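The structure appears right after this line, and notes come after that.
The values are calculated or read from the model by the stated rules, or taken from the named source; none is laboratory data. Small disclaimer: the values here were computed from a predicted structure and weren't measured. Note: ideal-geometry Cβ built from the backbone for every residue, glycine included; neighbour counts use all protein chains shown. For accessibility, only protein heavy atoms count, side chains too; no ligands or nucleic acids. Shrake-Rupley method; radii C 1.70, N 1.55, O 1.52, S 1.80 Å.
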Amino acid sequence: MAEAAMLGSFIRLVDYMLVEALVDRTVGTVEELVAMLEAPRASTDKTHKGVFLTTLSFAEEGMAFTPDRNAVLDVLNSNSIEGSITLTQAAPRLLFMRGFSHFFEGKPSGLNPVSIVKANPHYQGLRSRIDAIITQDFNAATEYAAVFEEHRKVYTYGQTWSFEAYSSKKKSIREIRRDMHKQREWRNELEKMKIGNVVGSLSVESKTLRASLIPVTQRTLEQIKTLLVKLARESCLACLGSLQERISMLQERPTELDMFMAYQVVHKEQYDDKRQVLQEATTVDDMYDMLAVYEQKVITADQVKHDDLKEAAARFVEELVAGKEFIADHKPTQVEVLDQGIKAVNDELLSLLGSLHEGLYINATSPPADVVNALEQLQERLAQLKVPQPSGCLPVVQQAAKTYTGYQGLLGLQADEFANLTAAEKEAEGRYAVWKTLLELQEKVIDWTTGPLLSRQDNSVRLNLETIRADVEEFGGKAYRMGKGSKDDAVVALLKDQLDEFKQDDEDAIRQNEQGVWDPFSAEDLLHKGIASQLEALQTISVNASKEYGLEKALDKMHADWEGVEFKIMEYKDTGTYIVGGTDDIQLREALQAILDDQIVKTQSMRASPFIGPLEKEALEWDETLNRLQEVVDNWLACQATWQYLEPIFTSPDIMKQMPEEGDKFLQACLMCRPPHRPCHNAALYVTLNSSA
């Protein structure tokens, strides 16, 4: 019995021993974990893979780890350490088994292994050691990861580079070569990039980082090569077309003077462009060489065009040499033709100069108009001889002097001065000035002596003595200056004589004519003229004039009454439809109707007047305008009133459900009628336009 009484104590002892074992095992597990984390540091085995795998990537600042320090610590704490504690807590205890409950009085109580473990200083030190190891390893990994910052430029380039933006800007072959080389260089650097390293307990993996950067260089390089193919094709076709056109021009072999000189100009231009043209062809060669270096396939059609370009470049150089030889061989013959042409021009200029000193040009009895016309034709001919003409439009004898001078410069000859041209131009200008002044004087004298003094348009004074005197003085000054240059010129003498004759004979007549118009007269002067015998006729004319004037003023007043009258246009609620009217449509109608009614009655009365004759057309047009406006306003306001009545009905959802067809027709009518209303913001302008139509 004594031994049976001790069974409860024995069971409690066994439970104590189990708790001790569980605590030791839990702490031992943590010790093993610490040892595992510290093993890579102490081990000399270079093949050690670490404990945790973390992947490198670029962050906005610095490098990022996945998983990072916090994630690793969370796994260790929640899975490993807390997991072992959970197992300790779940271990079966004899003390709490139902089969042994009768050995204890009441509910048995025992030690809590979890509390013992967590309160254990050694366990707490192990937990701190784990945190320190992981933190230290991640710090070391961060220092190691700094080596990958040199590849951030690739990452940033991939984030910001756009092929559309790149291709939209014009690029030189040097810039494209630089960009392609940069992409290849980056690719080579990435191939050498280290893909992993063990730092303490961490296996830092950078293979994924490299895998994300290599496609950036591959994609960019492929897109640049595609662009280079396009640029090479376009540049090749453009350069080939330019060379073929240049070769075609150089292959000409003209023998006519104008064409020969034009060919010489073309040859010089092509020779001057030689370096640039061949450089363009070389640039195309560089493009295709780059494509070959970067192993870019070029379609057969482009290869054929490139070969054609190489042949055209060589042919261009050959044609330049052949053209130079052609010019040298034919230069003597063209010099002879040029000398003949210059002689013909000088002979014609000498003939024209001589003609200015004979015939109608020096005969004072010649009609001035005929001489002026002849001199204008002669001056036009001199201009043709001076200014370059389109090639082939004139025979050799009529070629321009400036053209021949240019030819002499191209051939390396001394330029002809064409002195006869300068002399002929000066003589023709002098003759033309004299005869033109004489013609203008004669036309003025006719106008001054026979023309009306008053303007037919507004009865203003068209001619007066002071204006005429000023014109005469101007003509006198011209005659004086011409006389100084040509004292014995008969035409200049005639000009002076006609001026003196006008001053002596015709100026008094103009003065008398002018005074006859403007001198005042009295009632006595009218009686002496026999005005009494015409009194009845004058009364009739006066009455008619007064009545007509009254009708004219009334018509003007009706026009003025519409100034400032506006049709106010405003949006009706939020429908998008504009209507006529302000706060009160009835007041608007009454105001408009009052003006319309009054003016329609007045206009009809005017048209019935026997004095409407001179104003009949204007009165008729105004009557039609008023009636048309009356009709428009009536129809507009009637339509508007109907629409305002129907609008709230057909915009009601309930009505639309009951009458969908009618509602749809109403909406279509609204859309049809809206546009014409919107631009009508000023009805006064509308009336003015129609009244003047």
* How many angstrom lie between the C-alpha centres of segment 632-648 and segment 163-185? -> 69 Å
* Describe numerically, in nm with one decimal, the distance between label points set 7 Å from Cα along Cα→Cβ at Thr208 and at Phe10. => 6.0 nm
* To do: Could you rank Met672, Met287 by how accessible they are, 1.4 Å probe, largest area first?
  => Met672, Met287
* **Using θ = phi - 60° and Karplus 6.51 cos²θ - 1.76 cosθ + 1.60, couplings along segment 115-120 (whole Hz; Gly, Pro as x)** => 5, 5, 4, 5, 7, 5
* Length released on extending from Met659 to Thr449, taking residue separation times 0.36 nm less the Cα-Cα span -> 66.8 nm
* Asked: Working out 0.36 nm times the residue gap between Lys310 and His559, then minus their Cα-Cα distance, what length gain in nm do you get to one decimal?
  -> 81.4 nm
* Asked: Taking a ≥ b ≥ c as the square roots of the eigenvalues of the Cα gyration tensor of segment 210-266, is the shape rounded (a/c under 1.5), prolate (a/b larger than b/c) or oblate?
  -> prolate
* Cut-off 17 Å, label 7 Å out along Cα→Cβ of Asp289, residues of segment 235-258 by amide N -> 236
* Which residues' amide hydrogens lie under 5 Å from the amide hydrogen of Thr55, considering only partners 5 or more residues apart or on another chain, with H built in the peptide plane? -> Thr66, Glu205
* Asked: Counting only the backbone N, which residues of segment 419-441 are under 17 Å from the spot 7 Å out from the Cα of His357 toward its beta-carbon?
  -> 419-432
* Please work out how much accessible surface Met180 shows to a 1.4 Å probe, ignoring ligands, DNA and RNA, in Å² rounded to 10. => 0 Å²
* Structure fact -> With a Förster distance of 35 angstrom and the Cβ-Cβ distance between Glu474 and Val265, calculated FRET efficiency to the nearest 0.05 equals 0.10
* **Which listed pairs, of Lys402/Lys426; Lys225/Lys305; Lys553/Lys602; Lys568/Lys602, have C-alpha distances above 22 Å, in listed order** => Lys568/Lys602
* To do: Just the number, please: carbon plus sulfur as a percent of the accessible area of segment 310-352, 1.4 Å probe, no ligands or DNA/RNA counted.
  => 55 percent
* Structure fact -> Taking r as the C-beta separation of Ala415 and Gln379 and R0 as 22 Å, the FRET efficiency to the nearest 0.05 is 0.40
* Asked: By how many nm would the segment from Ser162 to Lys118 grow when fully extended, if each residue of separation counts as 0.36 nm and the alpha-carbon distance is taken off?
  -> 10.0 nm
* **Computed E for Asp272/Ala238 - FRET, C-beta separation, R0 22 angstrom, nearest 0.05** => 0.65
